[in-house]
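The values are calculated or read from the model by the stated rules, or taken from the named source; none is laboratory data. The structure displayed is predicted, hence computed values, not measured ones. Backbone-built Cβ (ideal geometry, glycine too); neighbour counts: all protein chains shown. Accessible surface areas use protein heavy atoms only, side chains included; no ligands, DNA or RNA. Shrake-Rupley method; radii C 1.70, N 1.55, O 1.52, S 1.80 Å.
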Amino acid sequence: KKKKLIFENFCLNYKIILLWFEFCSQDFADYAEFCFKTFGDRVKTWMTFNEPRVVAALGFDNGINLPNRCSKQFGNYTDGNSTTEPYIAAHHLILSHVEAVKRYHEKY
């Protein structure tokens with residue numbers, strides 16, 4: 001008996017704990033693999049991150065979104081550096097995406 005498709009699309013985005021600078025792309029790949037294994041028979045289309053540019057820009061440049069980091073002149077926050085952190089965050093988003101896709105292609 002074929003299982004019912006529960007998710008047309010499934011986004012692996014986890015913004016809440018996303019990309020503090022100790023965050024490792026392998027951790028995201030492990031999370032993605034868990035999702036592939038757990039939900040893979042019910043998901044038609046996988047996505048790694050929803051609007052990664054927005055995550056990097058709004059979370060690390062002007063501090064509007066989590067984790068609310070930016071330079072003082074761009075927001076009401078004292079932590080962050082808007083000249084470097086958005087680029088570091090984007091870099092780690094790309095690395096995390098690559099590792100998750102690689103894991104999917106190797107095992108599923």
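Worth a mention:
- When GLU51 is tested against (1) under 25 Å from PHE34 (Cβ atoms); (2) in contact with a helix residue (DSSP H, G or I) (Cβ under 7 Å, 6 or more places away or on another chain), only condition (2) is not met.
- Matching residues, the stretch 32-59, being of a type outside the set (Lys, Arg), without any contact (Cβ under 8 Å) to a residue 40 or more places away in the chain and not in a loop (DSSP other than H, G, I, E, B): PHE34, CYS35, THR38, PHE39, ASP41, VAL43, THR45, MET47, VAL54, ALA56, ALA57, LEU58
- Sole exception among (1) farther than 20 Å from ALA29 by Cα; (2) touching a residue at least 12 places away in the same chain (Cβ under 8 Å) for LEU93, by number: (1)
- In the stretch 5-12, the condition of being out of contact with any His (no Cβ under 6 Å at 6 or more places or on another chain), surrounded by 13 or more Cβ atoms within 10 Å (Cβ to Cβ) and either under 18 Å from TYR87 (Cα atoms) or at pLDDT 85 or above (or both) is met by no residue.
- Tabulated pairs, the stretch 63-82, first over 14 Å from ARG53 (Cα atoms) and open to solvent by 90 Å² or more (accessible area, probe 1.4 Å), second assigned to a loop (DSSP other than H, G, I, E, B) and of a type in the set (Ser, Thr, Tyr), C-beta under 6 angstrom, 6+ apart or interchain: PHE74/SER82
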